[in-house]
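Written below as structure tokens is the structure these notes are about.
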Amino acid sequence: MKYVSTRGQAASLDFEGVTLAGLASDGGLYVPEAWPQFSHDEIAAMVGLPYAELAARIMAPFVGDSLTPERLRELTTQAYGRFAHAAVTPLKQLDERQWVLELFHGPTLAFKDVALQMLGLLFEEFLGRREDHLTIVGATSGDTGSAAIDAVAGRAKVDIFMLHPEGRVSDVQRRQMTTVLAPNVYNIAIDGSFDDAQAMVKRMFNDAAMTGTFGIAAVNSINWARLMSQVVYYFAAALQLGAPHRKVAFSVPTGNFGDVFAGYVAARMGLPVERLIVATNINDILHRALSAGDYSASTVTPTAAPSMDIQVSSNFERLLFDACGRDAAALAAQMQQFDATKALQLTNAQREAIAGLFSSARCDAGQMAQAMRWAYEAAGEVLDPHTAIGLHAARTAQDLPADVPVVTLATAHPAKFVDAVERATGVRPPLPARVGDLFERQERCDHLPGTYEAVAAYVAERATPKSGRKDA
Ligand SMILES: *Cc1c(COP(=O)(O)O)cnc(C)c1O
């Protein structure tokens, strides 16, 4: 399998290359050259497979020759063996129609673990074959940081520098990052928003002075291997609800458009998906883009669902690429305009291509709290704020056929956002035992001003060059 850049100018890479890369050198994102397909019969044969086995089947065409089938199965078994539920991503029913897919049974209590536990193992596997040292630079609105740090802490040949917006992540989220004291982990709190942090990371991928010396890799959902790993649970859920003989709709609390893009990939691979509902909070750039063609960033307003407090959704570029018939030159022009003006209009062709599968909804704080209360009163389920936003969108979706079940992706454990949950429901969900004495542990974090220069200098001083030699 070859991977190409959405902007058409960067060299194509194989799976190993794309896993170790960040942004493509032309500023684009890597996507498979063509979408692999599963037939109706192949999908039917997946019913009832254990999660790790299903994962190996779904990932195999993307991995290509980079891993043997046996090695891939060993890695999926190891990655998903760390989950606290034997089903890995259990599905729960709320009423006749509404379901939630619990993606938070990994070590750091958010769905990011599903992808990052796998990515950590892939990094180790591929680096073991090379001399190279990897410098992971990431920006987090909370959950990616802890999941990525858990996945690579203490591993050889990798350092991780994780930027988070100071004061904008929950106490649990911050502590899950800053209490990991492994010497290869650097936490940086910056003065600014998540979008500022993400922009710095993107700039570093395009900074020849940095990429010339350091092997800079991404753990944000611009990394293809992450999205690939997330495709699996769409299959897992749909197979339980009757696929390939029955269609299923998904409602996805969305920030960077990674999770819902994985649902799009599942549909392209042949999974019968009736609809993908993109749920946003009041930071609603994606809702405006999908409902009115207006993809224009405004300022970020902090909410109780901080992982969705995003205005620039990196992975949306991957969808726009497909939606313009993979015309890389046209897309590059469109994205350059967005980079310059923070606004772009979808073409009519793009809007039509997207409307066939996607709808969207915006959810404010009151609607979120109401969805949380409904789930608790109707089904005894305590949901986190992100999941509640997805559920609101699921329950208000228009024109879905009556026999289509709607699965809301439960992206975080409610204990991660305990104050917001308590305000809405009166319940204070306890932290699961697997996170241990989080509030007793020592924290380590550096604070930097919100400028690229400060962050680049910090990384350059501490990172190991890609040659693996500090004196290089
Ligand atoms: C990251 C995250 C999201 C948003 O996912 P994207 O892939 O960025 O769209 C939603 N909810 C939670 C809890 C998250 O951690």
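The values are calculated or read from the model by the stated rules, or taken from the named source; none is laboratory data. Since we're looking at a predicted model, the values are computed, not measured. Glycine also receives a Cβ, built like all others from the backbone with ideal geometry; neighbour counts cover every protein chain displayed. Protein only, heavy atoms only, side chains kept; ligands, DNA and RNA dropped before computing areas. Shrake-Rupley method; radii C 1.70, N 1.55, O 1.52, S 1.80 Å.
Scan Ala266, Ala243 and give me the residue that is in contact with a Phe, Trp or Tyr (Cβ under 8 Å, 6 or more places away or on another chain), modelled with pLDDT of 95 or more, within 16 Å of the ligand (Cβ to nearest atom) and small (Gly, Ala, Ser).
Values: Ala243 fails: within 16 Å of the ligand (Cβ to nearest atom).
Criteria check complete, one pass: Ala266.
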- Message: Could you tell me how many of the residues in segment 14-48 are at pLDDT 95 or above and either of a type in the set (Asp, Glu) or open to solvent by 40 Å² or more (accessible area, probe 1.4 Å) (or both)?
- Response: 12
- Query: Can you spot a residue in segment 191-206 that is surrounded by fewer than 21 Cβ atoms within 10 Å (Cβ to Cβ) and farther than 21 Å from Ala297 by Cβ?
  - Reply: no
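Residue by residue, here is whether (1) at pLDDT 95 or above; (2) within 16 Å of the ligand (Cβ to nearest atom); (3) within 16 Å of Tyr295 (Cα to Cα) holds:
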{"site": "Ser314", "(1), (2), (3)": "no, yes, yes"}
{"site": "Gly325", "(1), (2), (3)": "yes, no, no"}
{"site": "Asp339", "(1), (2), (3)": "no, no, yes"}
{"site": "Gln345", "(1), (2), (3)": "yes, no, yes"}
{"site": "Gly366", "(1), (2), (3)": "yes, no, no"}
- Item | Any chance Ala279 is at pLDDT 95 or above, within 12 Å of the ligand (Cβ to nearest atom) and in contact with a Cys (Cβ under 8 Å, 6 or more places away or on another chain) | yes
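Quick check: is even one residue across segment 316-330 within 25 Å of Ala115 (Cβ to Cβ), under 17 Å from the mean Cα position of the chain (by Cα) and among the basic types (Lys, Arg)?
Within segment 316-330 (the criterion being within 25 Å of Ala115 (Cβ to Cβ), under 17 Å from the mean Cα position of the chain (by Cα) and among the basic types (Lys, Arg)), the answer is yes, since at least one residue qualifies.
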- Tell me which residues, restricted to segment 117-146, are touching a Gly at 6+ places or on another chain (Cβ under 8 Å) and either closer than 16 Å to Gln78 by Cα or more than 14 Å from the ligand (Cβ to nearest atom) (or both). Gln117, Glu131, Asp132, His133, Leu134, Thr135, Val137
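Pick from segment 106-119 the residues that are within 13 Å of Tyr233 (Cα to Cα) and of a type outside the set (Val, Ile, Thr): which of them is nearest to the chain's Cα centre (by Cα)? Steps first, answer last, please.
So in segment 106-119, the residues within 13 Å of Tyr233 (Cα to Cα) come out as 111-115.
If we keep only those that are of a type outside the set (Val, Ile, Thr) too, we end up with 111-113, 115.
Details: Phe111: 8, Lys112: 6, Asp113: 9, Ala115: 8 Å.
The residue in question is Lys112.
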- Message: Any residue in segment 43-55 that is part of a loop (DSSP other than H, G, I, E, B) sitting within a Cβ distance under 6 Å of a residue that is open to solvent by less than 60 Å² (accessible area, probe 1.4 Å)? List the pairs, counting only those 6 or more apart or interchain.
- Response: Met46/Leu54; Met46/Leu239; Val47/Leu239
- Quick one: count up the residues across segment 152-175 that are under 14 Å from Gly138 (Cβ atoms) and open to solvent by 10 Å² or more (accessible area, probe 1.4 Å). 3
- Item | Residue tally, condition more than 24 Å from Thr396 (Cα to Cα), crowded, with 24+ Cβ neighbours inside 10 Å and in contact with a His (Cβ under 9 Å, 6 or more places away or on another chain), over segment 216-266 | 0
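Please work out if Phe235 is more than 16 Å from the ligand (Cβ to nearest atom), touching a residue at least 12 places away in the same chain (Cβ under 8 Å) and within 18 Å of the chain's Cα centre (by Cα).
Numbers: more than 16 Å from the ligand (Cβ to nearest atom): yes; touching a residue at least 12 places away in the same chain (Cβ under 8 Å): yes; within 18 Å of the chain's Cα centre (by Cα): yes.
Yes; evaluated as a whole, the condition is true for this residue.
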- Message: Restricting to segment 137-154, name every residue that is more than 13 Å from Lys112 (Cα to Cα) and part of a helix (DSSP H, G or I).
- Response: Val152
- Note on the structure: Across segment 66-86, the tally of residues that are open to solvent by 40 Å² or more (accessible area, probe 1.4 Å) and in contact (Cβ under 8 Å) with a residue 60 or more places away in the chain stands at 1
- Message: Exactly one of these conditions fails for Glu377: (1) away from the ligand (no atom under 16 Å from the Cβ); (2) acidic (Asp, Glu); (3) buried (at least 19 other Cβ atoms within 10 Å of the Cβ). Give me its number.
- Response: (3)
- Given (1) under 21 Å from Phe250 (Cα atoms); (2) open to solvent by less than 10 Å² (accessible area, probe 1.4 Å); (3) touching a strand residue (DSSP E or B) at 6+ places or on another chain (Cβ under 6 Å), Leu320 misses just (3)
- Query: Is there any pair linking a residue in segment 7-21 that is basic (Lys, Arg) to one that is assigned to a helix (DSSP H, G or I), with Cβ under 8 Å and at least six apart or on different chains, and which?
  - Reply: Arg7/Ala328; Arg7/Leu331; Arg7/Ala332; Arg7/Met335
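Would you mind finding the one in Thr254, Thr211 that is at pLDDT 95 or above and over 30 Å from Ala45 (Cβ atoms)?
Details: Thr211 fails: at pLDDT 95 or above.
Being at pLDDT 95 or above and over 30 Å from Ala45 (Cβ atoms) holds for just one of Thr254, Thr211, which is Thr254.
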- Message: Looking for something over 23 Å from Asp159 (Cα atoms) and either touching a residue at least 12 places away in the same chain (Cβ under 8 Å) or in contact with a strand residue (DSSP E or B) (Cβ under 8 Å, 6 or more places away or on another chain) (or both) - is there at least one such residue anywhere in segment 205-215?
- Response: no
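Kindly indicate whether Pro405 is over 23 Å from the mean Cα position of the chain (by Cα), closer than 25 Å to Asp95 by Cβ, open to solvent by less than 30 Å² (accessible area, probe 1.4 Å) and within 16 Å of the ligand (Cβ to nearest atom).
no
Given the options Leu400, Leu448, Leu438, name the one that is touching a Lys or Arg at 6+ places or on another chain (Cβ under 7 Å), open to solvent by less than 70 Å² (accessible area, probe 1.4 Å) and modelled with pLDDT of 95 or more. Walk me through how you get there before you give the answer.
Values: Leu448 fails: touching a Lys or Arg at 6+ places or on another chain (Cβ under 7 Å); Leu438 fails: modelled with pLDDT of 95 or more.
Result of the check over Leu400, Leu448, Leu438: Leu400.
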